[in-house]
Amino acid sequence: PRRRSHVAAASGDRAVGRLAPAPPRLGAEDLVDGTAVDSAAPSSDAAKVDGPAAEDPDVPSRTHVSSPAAAPRGRLRHATLSVQIVPDAAGGGGETAAVYGLDVSDDASFFSWSHHRVRVRRPPTADDGIRIRHLPPLPMSHGSSVDLSDVATLAAVRAHWDAGDLLSGRDPARYVGGGEATGPFSPATSSAAASPAASSSFAETLRAHVRRLAAMVADERNDPSDAVRQWTLAEYGRHKARRLRPRPGRPEQEHLQDYLDFFRGALPYYYDRCDACGCSARDAAPAAAAEAPPRDPFLGYVHPSAREAAGGAGRTEMYLCGTCGSLTRFPRFNTARPVLARRRGRCGEYAMLLFRTLRSLGHRCRWVVDWSDHVWAEVWVANKKGEGGRWVHLDPCEAAVDRPLLYQEWGKEQVYIVAFEGPKKKGADDDEDVLVEDVTHCYTSDTEEEIWARRTEGRDEVEGALKEAEAALKEIYYGEIPGKKDVKGALP
């Protein structure tokens, strides 16, 4: 019988017919120059912390969102692979498939993924599998520089990304402007600028966060069975969940702490654990790791499969197991059900899930984004007399309750931290609500002057962008769309 790798089976990708026609190849005419760069020494751009080394690369930071005109040059790897179809011992056939890598760290990472990609796309008539060989001479440009600000080149890169034939070693959103709406290689979707703030990179980043929150709210509205609430009651317990209900002075900090301890235990932080053998590069003994550091298992980002995209994933991370050599997919879901089903995520998935969980229990909640690389939640706790209250910091990955200076203790100098409140359960607008708020000052002991000294945008620009985001969320929450399944149409 035809063998299928566990990765292909788990991803939901199936080959249909012969190898799909490839998008136009990126040829020599697309290179900025003909010189090759040492593939073992990444450029200064590629050496920046990214991928799993960052707290959560799925949170688009300011550095992730740059205009196409300012996009850096990328290091392109290109291989044409000969795919030999071997249905039986007597015969066989062959055809070629082109795959690409952009800012991939080394040849081994690139070819591990390229072989996997071709096998996933192999024709279903192959009974015994396929053989893959590189057409001589080795048709790969090691680190050749491509100009990603060139419209034609960027269009070709996007085509390969959409076709699933491109492996990106860095967050793909870095190469184009803010593509959170329809995928990493899509430009920011927005109407003509209504104000000077509308064209700034700060406003573009803010809109990307609004789009992501809109998708979270849409997922909540389209889940009549409230899977998140049912999961909480079943896993945490109805009696304990009852203590988390919103009442004056409640929930108490000890009850919130108990829930976050449960949450972190039930939903472990994902690093690189292999789907096939269960091993992780982090399992190496400290002494052995010091003598021979394990190879970084992270290969890069690829386009999500249809099933992954249905779960709100805009990109999928690929990992190569150093023990058994299998590849594992880690789609960055933005909807609750697949995260609960797989119990795999980082702060992006778990902050979304905590936001959804507390809202399902009746709380006012905020989704809080640190512009650099992290995301968490806040819950509104009313005073015991029922008048007023305050927002309480909750970090699901750290199981931290009301520790707003935690990130400063890590050594961070905060630039932007913005909180986005979810809609009221009754769906009624309240002009007194502040749905989008700059809360940077709540998470640092620095003065306001010190915070603004770290920013490149002016106060008017920031305040204008926040007002536009506020108006967009009110349109999404309280406009004409509450019963619709797609909330993206209300975005500015």
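The values are calculated or read from the model by the stated rules, or taken from the named source; none is laboratory data. This is a predicted model, so every value here is computed, not measured. Because the Cβ atoms are built from the backbone with ideal geometry, glycine has one as well, and the counts that use them run over all protein chains shown. Surface accessibility is based on the protein's heavy atoms, side chains included, excluding ligands, DNA and RNA. Shrake-Rupley method; radii C 1.70, N 1.55, O 1.52, S 1.80 Å.
Brief remarks on what is shown
- Share of carbon and sulfur in the accessible area of segment 280-428 stands at 51%, probe radius 1.4 Å.
- Relative frequency of Cα-Cα separations exceeding 16 Å in segment 347-414, percent: 48 percent
- Low-density loop positions, trypsin sites (Lys or Arg not before Pro), segment 311-399 - DSSP coil, at most 16 other Cβ in 10 Å: Arg343, Lys384, Lys385
- Ordered from largest to smallest accessible area (heavy atoms of protein chains, 1.4 Å probe), the residues Lys412, Lys467 come out as Lys467, Lys412.
- Between Ala152 and Asn222, the modelled labels are 3.9 nm apart [label points 7 Å from Cα along Cα→Cβ].
- Cross-link check: pairs Lys424/Lys467; Lys384/Lys412; Lys384/Lys424; Lys240/Lys384; Lys240/Lys385 evaluated at a Cα-Cα cut-off of 25 Å; pairs beyond the cut-off: Lys384/Lys412.
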